[in-house]
Ligand code: SF4
């Protein structure tokens, strides 16, 4: 992951400001959704595993056809690594990803009765699945209040700042401590979407940002 932190403020915002930030995110987008297409927990795991260093749009283009023929671990293994590569060859690192998807499908069949496990520890046993992927799956498939820190969320958290950290894990644990429980389920979606479309890496769109008056990042764009 390429992380571009923009740490400009010495102190994170206070608890009342954190609550106000998420109140506004919720008011603007009560049911935020991720942008990866999937049809069940298994295809979600596959989609997230394929999305490393790739855009959601690019992954969706490839999985549209793939998930029609392989939406279970058994069907994925039957498809085989060579065929799978053909479906995902437009995605970066596709050779390694194809290997991992076949291996994780095999492990799901052999160790988890073909079901996607519901704990972070078990998910992280799957080839190609790290903490971020596990957090996405726990949150989206199983409704857990986990925070998956991608490059966008990492940048936004350090800019406002909500949780300041030099690693994704530090930011994740810091956010878990400060985000009010009622916002925890959707927090990572709001922050990722905010980073993707408003608080962009090179030129944040501060004039149209709904938390402009609460954010301490300087220099904001005019
Ligand atoms: S004001 Fe600017 S820097 Fe702060 S969160 Fe909004 S877009 Fe990002």
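A few comments on the model shown:
- Region 192-214 and region 133-182 have Cα centres spaced 17 Å apart.
- Normalised by the number of residues in region 175-222, the average gap of Cα pairs under 8 Å and 6 or more apart makes the relative contact order 23 percent.
- Gyration tensor (alpha-carbon) shape descriptor, region 41-142, a/c threshold 1.5: oblate
- Rounded to 0.05, the FRET efficiency of the residue 170 and residue 85 pair, given R0 = 35 Å and the Cβ-Cβ distance, is 0.45.
- Gyration tensor (alpha-carbon) shape descriptor, region 83-166, a/c threshold 1.5: oblate
- A protection proxy built from the mean count of other Cβ atoms within 10 Å ranks the segments 147-157, 14-24, 99-109, most packed first, as 147-157, 99-109, 14-24.
- For region 71-98 and region 11-33, distance of Cα centres in Å: 39
- Projected label distance in nm at residue 31 and residue 61, using a 7 Å step from Cα toward the beta-carbon: 2.9
- Degrees, to the nearest 10: 94-111 long Cα axis against longest axis of the chain: 70
- Here the peptides 32-42, 191-201 are ranked by packing, the mean other Cβ count within 10 Å, and the order with the highest first is 191-201, 32-42.
- Helical content alone sets the calculated 222 nm signal of the chain at -17000 deg cm²/dmol, taking -39,500 (n - 2.57) per DSSP H segment of four or more residues and averaging over every residue.
- Between the Cα long axis of helix 181-197 and the first principal axis of the chain there is an angle of about 90°, rounded to the nearest 10.
- Taking the C-alpha atoms only, the angle from helix 56-69 to the longest principal axis of the chain is near 30 degrees.
- Here the alpha carbons of the chain define both size measures, Rg and Dmax, at 18.3, 56 Å.
- Mean sequence separation of contacting Cα pairs (under 8 Å, at least six apart), scaled by the length of the chain, corresponds to a relative contact order of 26 percent.
Each value in this text was obtained by applying a stated rule to the coordinates, not by laboratory testing. From a predicted model like this one, the values you see are computed outputs, not experimental measurements. No Cβ is skipped: glycine too gets one built from the backbone with ideal geometry, and neighbour counts run over all protein chains shown.
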